[in-house]
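Asker: Got a structure for you, written out below as structure tokens; questions coming shortly.
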Amino acid sequence: MMKKILSLALASVLALFALTSCGGGEETTYTFSTGGPTGTYYGFTTAVAGILTDKVEGAKFTAVTSGGSKANIEAIADGDAQFAIVQNDVMLNAYNGVNNFAGNKITSFAVVGTVYPEVCQIIASKASGIKTVADLAGKRVSVGDVGSGVVTNAEQILAAAGLSFDDISVQNLGVGPSVDAIKAGTLDAFFFTAGIPTTAITELDTSNTEMVAVSIPDAQIAALTAQYPHYVRAEITNAHYPKSIEAGKPAVTIAVKATYIAAADLDEDLVYEMTKALWENQAAIAAAHNTGKAMDIKTALLGIGVAPVHAGAMKYYEEYLAAENKANGTSLTFAEFYGYTK
């Protein structure tokens with residue numbers, strides 16, 4: 001009897017091993033390159049990755065920290081990541097081989113979709129006396145992690161005010177270290193581009209260290225949006241940082257779009273299923289991370305310029321539009337619905 005029991009047990013183990021070896025229960029892990037551990041990229045994508053893992057059969061998605069947009073695009077080019085979240089302006093710089101990608105053109109990625117607006121925030125300690133962009137001259141200012149899109153935004157915003165990195169004492173810190181340095185009195189101001197409210201800045205807003213959200217003058221915003229079409233006017237309000245911004249007196253600034261990209265050679269079916277899970281589980285994403293409330297499929301292809309859309313993602317967007325037209329009795333074209341010409 002004991003031999004029979006042992007034989008049955010061994011047979012069960014071998015059967016389970018054979019099932020696993022033939023693909024049963026196997027998962028392939030896909031890496032999302034994001035940003036600093038206290039930034040919106042990492043927190044938001046961690047929430048997204050968990051939901052995608054639940055919804056896309058046979059796939060496990062993992063968010064990892066990084067230096068930001070430029071580093072993320074390079075990670076895909078090097079094969080260290082399969083997906084990434086990036087600023088649309090940095091993405092276009094890479095695809096066109098200009099600005100921070102001059103001499104290093106990268107086209108080995110394709111767009112999955114833009115997911116939310118990223119606000120260019122200029123945060124100063126109240127003790128620094130900084131009230132305008134021009135006041136940053138001569139001050140200790142973090143312009144973001146090396147390799148992040150924040151560096152490009154900071155450089156362009158300063159240029160609109162007639163300044164350059166030579167006019168400030170430059171530091172390259174992520175948002176968490178920047179907040180710590182403001183509290184310690186070793187930094188006067190910092191730039192950070194992210195969905196708002198940003199967790200680390202909220203922590204500063206509620207701390208004993210008083211902060212100021214610096215506005216960009218209207219004339220400088222007009223110049224920036226004219227020169228760089230990927231920028232739009234944005235406001236940081238009392239609803240975002242209640243302690244530091246007075247109700248009815250928002251800080252005025254600019255914003256870009258946070259965009260998911262994928263390695264261009266990723267399987268079309270995989271990217272289709274990922275895109276489908278992303279947009280059809282928006283409510284769950286928003287419940288897991290507040291930034292998900294800003295997701296809107298109708299703006300998923302706005303601001304991507306000449307960067308190509310992955311075939312898997314495009315397949316889903318075409319199907320979604322067809323279903324919308326059928327449900328509503330409409331005949332909207334792709335360009336009319338998405339604001340994007342294929």
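Asker: Using every pair of alpha-carbon atoms in the stretch 150-200, split the distances into 10 Å bins beginning at 0 and state the percent of pairs per bin, rounded to integers.
Answerer: Over the stretch 150-200, the share of Cα pairs per 10 Å bin runs 23, 51, 25, 0 percent.
Asker: Taking H placed 1.01 Å from N in the peptide plane, check which residues at least 5 places from residue 309 or on another chain put their amide H under 5 Å from its amide H.
Answerer: 111
Asker: HN-Hα J couplings of the stretch 117-123 from phi, Karplus 6.51/-1.76/1.60, θ = phi - 60°, integer Hz, Gly and Pro as x?
Answerer: Whole-Hz 3J(HN,Hα) from phi for the stretch 117-123: x, 10, 8, 7, 9, 10, 10.
Asker: Count the DSSP beta bridges whose two residues both fall in the chain, then state the antiparallel fraction as a percent rounded to the nearest 5.
Answerer: 65 percent
Asker: Let me test this: with uniform point scatterers at the alpha carbons of the chain, what is the Debye-based log₁₀ I(q)/I(0) at q = 0.06, 0.07, 0.15 1/Å?
Answerer: -0.25, -0.33, -1.24
Asker: Percent relative contact order of the stretch 118-257, based on C-alpha pairs within less than 8 angstrom and at least six residues apart?
Answerer: Normalised by residue count, the contact order of the stretch 118-257 is 32 percent.
Asker: OK, next. Based only on Cα atoms, what mean projected area does the convex hull of the stretch 225-342 have, in nm²?
Answerer: Spelled out: convex hull of the Cα atoms, projected over all directions, averaged, 10.0 nm².
Asker: Counting only Cα atoms, I'd like the Rg/Rh figure for the stretch 212-252, Kirkwood definition for Rh.
Answerer: Radius of gyration relative to Kirkwood radius: 1.06.
Asker: Then there's this: Can you tell which of 159, 197, 130 lies farthest toward the positive end of the dipole of the chain, using +1 and -1 charges on the Cβ of basic and acidic side chains (Lys, Arg; Asp, Glu)?
Answerer: Going by the Cα projections, it comes out as 197.
Asker: Which number do you get for Rg(Cα) / (2.2 N^0.38 Å) in the stretch 56-119? Show your work: numbers first, answer last.
Answerer: Numbers: Rg = 12.3 Å, N = 64, 2.2 N^0.38 = 10.7 Å.
Against the compact-globule rule of thumb, the ratio is 1.15.
Asker: Compute a Gaussian network model of the chain, connecting alpha carbons closer than 10 Å, and tell me which residue from 123, 168, 73 fluctuates the most.
Answerer: Result: 168 has the largest fluctuation of those listed.
Asker: Treat the stretch 59-213 as a sphere of radius equal to its Kirkwood radius over Cα pairs and apply Stokes-Einstein at 37 °C in a medium of 0.692 mPa s; give the translational diffusion coefficient in µm²/s, rounded to a whole number.
Answerer: Roughly 201 µm²/s, to the nearest whole number.
Asker: Direction-averaged shadow area of the convex hull around the Cα atoms of the stretch 91-131, nm²?
Answerer: Across all orientations, the stretch 91-131 yields a mean hull projection of 5.0 nm².
Asker: Beyond a 26 Å Cα-Cα separation, which of these cross-linked pairs lie in this structure: 183/249; 126/257; 257/342; 105/298; 183/293; 139/183? Intermediate results must be reported in sequence, preceding the final value.
Answerer: Details: 183/249 24 Å; 126/257 29 Å; 257/342 19 Å; 105/298 29 Å; 183/293 31 Å; 139/183 16 Å.
Check vs 26 Å cut-off fails for 126/257; 105/298; 183/293.
Just so you know, all these numbers are worked out from the coordinates, no wet-lab data involved. The model shown is predicted, which means the values in this text are computed figures rather than measured ones. Cβ atoms come from the backbone with ideal geometry, glycine included; neighbour counts cover every protein chain shown.
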